[in-house]
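Right, one structure below, let's go through it.
The values are calculated or read from the model by the stated rules, or taken from the named source; none is laboratory data. Computed from a predicted structure; not experimentally measured. We place every Cβ from the backbone using ideal geometry, glycine too, and count neighbours over all the protein chains shown.
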């Protein structure tokens with residue numbers, strides 16, 4: 001039995017990585033999906049890969065003019081929706097003393113402000129009994145060098161999920177979050193480091209994982225599926241950490 005049969009979902013930042021893997025799984029489980037991304041070519045390519053049950057909207061989570069037209073663009077495709085997975089985000093890892101205002105603003109604009117106003121735009125379209133899932137990070141719980149701004153931006157996302165779970169409860173809309181650990185996605189190529197630094201970062205991190213591997217985007221997608229389906233009908237204001245327990249206390 002398909003867990004999302006007949007459901008309509010919006011997944012932001014879904015032209016690659018966790019978002020794309022989640023879109024694939026949702027469609028497999030019977031949903032029709034709108035994906036968003038800031039690059040038109042990437043969105044078009046992803047929609048082609050996903051097939052006839054996918055639709056694409058070019059929208060940058062870091063730009064208010066894009067966010068403020070998102071509701072209309074979604075409504076033109078789906079008059080109402082059942083699921084929002086606010087997944088769009090960036091990760092820039094730099095030592096605290098090297099973070100400049102531009103990096104700080106870009107990270108907060110996409111990861112925090114972008115999530116807030118995406119949800120403000122899309123929750124009016126959510127049906128009663130709908131589900132909102134926010135993508136955070138395990139680094140909110142475990143300190144990690146060079147992750148100060150990224151972790152702070154995602155800490156705000158976790159707090160937002162808890163607040164909205166209470167605020168939207170009278171509409172029977174559930175709000176939960178996922179905090180992935182180290183996951184193999186293209187985000188590592190966008191962290192502002194050269195390839196040698198990325199490989200050193202990844203190798204160091206991998207040594208702290210008992211299973212000695214990164215997680216897969218499909219493993220995060222399964223958590224998103226659970227929180228979006230009726231299997232989690234009495235779960236709200238909660239967080240699923242998709243990581244090994246030791247990552248929570250890593251140094």
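Looking only at the range 121-154, count every residue that is at pLDDT below 95 and closer than 14 Å to residue 241 by Cβ and tell me the total.
6
Among the residues of the range 2-14, is any under 22 Å from residue 114 (Cβ atoms), in contact with a strand residue (DSSP E or B) (Cβ under 7 Å, 6 or more places away or on another chain) and surrounded by fewer than 21 Cβ atoms within 10 Å (Cβ to Cβ)? Talk me through it step by step, then tell me what you get.
First, pick out the residues of the range 2-14 that are under 22 Å from residue 114 (Cβ atoms): 8-14.
Restricting the remaining residues to those that are in contact with a strand residue (DSSP E or B) (Cβ under 7 Å, 6 or more places away or on another chain) gives 8-14.
Okay, now just the ones that are also surrounded by fewer than 21 Cβ atoms within 10 Å (Cβ to Cβ), so none.
Within the range 2-14, none of the residues are under 22 Å from residue 114 (Cβ atoms), in contact with a strand residue (DSSP E or B) (Cβ under 7 Å, 6 or more places away or on another chain) and surrounded by fewer than 21 Cβ atoms within 10 Å (Cβ to Cβ).
Output the residues belonging to the range 128-143 that are in contact with a helix residue (DSSP H, G or I) (Cβ under 7 Å, 6 or more places away or on another chain) and surrounded by fewer than 21 Cβ atoms within 10 Å (Cβ to Cβ).
Result: 128, 141, 142.
Among the residues in the range 72-88, are any part of a helix (DSSP H, G or I), in contact with a helix residue (DSSP H, G or I) (Cβ under 8 Å, 6 or more places away or on another chain) and touching a residue at least 40 places away in the same chain (Cβ under 8 Å)?
Checked against the condition, which is being part of a helix (DSSP H, G or I), in contact with a helix residue (DSSP H, G or I) (Cβ under 8 Å, 6 or more places away or on another chain) and touching a residue at least 40 places away in the same chain (Cβ under 8 Å), the range 72-88 yields at least one hit.
Restricting the search to the range 118-127, which residues are surrounded by fewer than 16 Cβ atoms within 10 Å (Cβ to Cβ) and within 24 Å of residue 150 (Cα to Cα)?
Matches in the range 118-127: 120 only.
Look at residue 35 and say whether it is surrounded by 14 or more Cβ atoms within 10 Å (Cβ to Cβ), under 26 Å from residue 168 (Cα atoms) and in contact with a helix residue (DSSP H, G or I) (Cβ under 9 Å, 6 or more places away or on another chain).
yes
So in the range 38-62, with the set limited to residues that are part of a loop (DSSP other than H, G, I, E, B) and either touching a strand residue (DSSP E or B) at 6+ places or on another chain (Cβ under 6 Å) or without any contact (Cβ under 8 Å) to a residue 12 or more places away in the chain (or both), which one is surrounded by the fewest Cβ atoms within 10 Å (Cβ to Cβ)?
If we take residues in the range 38-62 being part of a loop (DSSP other than H, G, I, E, B) and either touching a strand residue (DSSP E or B) at 6+ places or on another chain (Cβ under 6 Å) or without any contact (Cβ under 8 Å) to a residue 12 or more places away in the chain (or both), then 52 is surrounded by the fewest Cβ atoms within 10 Å (Cβ to Cβ).
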